[in-house]
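Report on the following structure.
The values are calculated or read from the model by the stated rules, or taken from the named source; none is laboratory data. Note that the structure is a prediction, hence the values are computed from the model and not measured. So basically every Cβ, Gly included, is an ideal-geometry build from the backbone, and we count neighbours across all protein chains shown.
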Amino acid sequence: MRHLLSTEDLDVATATSLLDTADTLKQTLLGREVKKLPTLRGRTVVTLFYENSTRTRVSFEVAGKWMSADVINVSASSSSVGKGESLRDTALTLAAAGADCVIIRHPASGSAHRLAGWLDEAGTQVINAGDGMHEHPTQALLDAATLRERLGELAGRRIAIVGDLLHSRVARSNVHLLRTLGAEVVLVAPPTLVPAGAQHWGAEVRHELDPELPKLDAVMMLRVQAERMHGGFFPSAREYSIAYGLNEARLGMLPEHAVVLHPGPMLRGMEIAPAVADSPRAAITQQVSNGVHVRMAVLYHLLAGEEITA
Ligand code: CP
């Protein structure tokens, strides 16, 4: 694997190998006071973020540091991007300064692919940490890792992705990966928040949540991305919450074993009720901690090019 740009590029063997590696790393570090492996000593990893992030940026930094890589964080607001430097010139500058890997988050869909094209010659590898409304592959990997921990193998499991599909890079990455791993995916959203072409993603599309709930093994609630809705939001926040919000009554309609996921950041009271987010059925903090191990696995596969065995 040269870059990680899309879960569409992961076949079942590669995806399973990444998830197994993440699990091995988690077990290896469990209970250790000093979480440090020498694996990526001497390698330089740069996070280049043009959009806000808490979970993804921090967990990539922790992942790199736990593997002894040198991790440098560049945010658009405090770099020469603020003086008008282009993405291409910024990327070539980072490669020339010695970056072995650039982890990019950018508001433009396709930006990670462009970056990979520009950096191929320099031998610098690229990880997509979220490009516009396109993909967020490491989010999907950490979601799959969490689902595997809670449910076992995912083949034959039925998983709903609910909410603002239109603006969601998480949804697209999850559909590709969950289907590769053999799960059935159902997308649930108001018609106004379903992207054109979603019916060709290989998932069922539904507009009512309640009839789906009793059939699910897991439900993934998406954040309503008001910052990408320049023309306003329909249905209204109140209507949305009534029809699609995961409240305690809806939690009761899920089978006992079903897991609740949310990629974060959450809008409590909008797409998910606080009591649901904080219930033991929700795996939201588990998703965040698995994010560190999954990102360690991705860095390892890209930069060391090997599988870790126990
Ligand atoms: N899930 C996710 O990408 O969160 P951040 O925006 O905080 O990184």
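Summary table
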{"read-out": "Residues that are under 20 Å from ASP131 (Cβ atoms), hydrophobic (A, V, I, L, M, F, W, C) and touching a Lys or Arg at 6+ places or on another chain (Cβ under 8 Å), drawn from the stretch 54-99", "value": "PHE60, ALA63, LEU87"}
{"read-out": "Condition check for ALA258: surrounded by fewer than 17 Cβ atoms within 10 Å (Cβ to Cβ), of a type in the set (A, V, I, L, M, F, W, C) and assigned by TED's automatic domain parsing to the domain that holds LEU154", "value": "no"}
{"read-out": "Residues that are under 21 Å from ILE161 (Cβ atoms) and surrounded by 15 or more Cβ atoms within 10 Å (Cβ to Cβ), drawn from the stretch 282-301", "value": "ALA282, ALA283, ILE284, GLN286, GLN287, VAL288, ASN290, GLY291, VAL294"}
{"read-out": "Evaluation of ASP11 against (1) within 23 Å of the chain's Cα centre (by Cα); (2) surrounded by 14 or more Cβ atoms within 10 Å (Cβ to Cβ) (one fails), failing number", "value": "(2)"}
{"read-out": "Residue count, the stretch 157-201 (criterion: in contact with a strand residue (DSSP E or B) (Cβ under 6 Å, 6 or more places away or on another chain), among the polar types (S, T, N, Q) and more than 16 Å from HIS262 (Cβ to Cβ))", "value": "1"}
{"read-out": "Helices (runs of 4 or more DSSP H) completely within the stretch 3-118 that count 3 or more residues being under 28 Å from ARG228 (Cβ atoms)", "value": "55-66, 87-96"}
{"read-out": "Residue within the stretch 256-265 that is more than 20 Å from ALA189 (Cβ to Cβ), of a type in the set (Gly, Ala, Ser) and within 16 Å of the ligand (Cβ to nearest atom) present", "value": "no"}
{"read-out": "Cross-chain or 6+ apart pairs with Cβ under 7 Å, the stretch 31-57 first and touching a residue at least 40 places away in the same chain (Cβ under 8 Å), then aromatic (Phe, Trp, Tyr) and within 16 Å of the ligand (Cβ to nearest atom)", "value": "THR47/PHE60; ARG57/PHE49"}
{"read-out": "Of residues in the stretch 213-255 being over 29 Å from GLY156 (Cβ atoms) and among the polar types (S, T, N, Q), the one surrounded by the fewest Cβ atoms within 10 Å (Cβ to Cβ)", "value": "SER236"}
{"read-out": "Residue in the stretch 95-110 that is of a type in the set (Asp, Glu), away from the ligand (no atom under 16 Å from the Cβ), touching a residue at least 24 places away in the same chain (Cβ under 8 Å) and surrounded by fewer than 17 Cβ atoms within 10 Å (Cβ to Cβ) present", "value": "no"}
{"read-out": "In the stretch 58-111, the residues that are touching an Asp or Glu at 6+ places or on another chain (Cβ under 7 Å) and either basic (Lys, Arg) or under 16 Å from LEU5 (Cα atoms) (or both)", "value": "ARG105, HIS106, PRO107, ALA108, SER109, GLY110, SER111"}
{"read-out": "Answer residue from the stretch 48-81, given it is of a type in the set (A, V, I, L, M) and more than 16 Å from the ligand (Cβ to nearest atom) and is farthest from the chain's Cα centre (by Cα) among those", "value": "VAL81"}
{"read-out": "Qualifying position, being free of Cβ contacts under 8 Å to residues at least 24 places away in the same chain and either buried (at least 17 other Cβ atoms within 10 Å of the Cβ) or in a loop (DSSP other than H, G, I, E, B) (or both), among ALA129, ALA196", "value": "ALA196"}
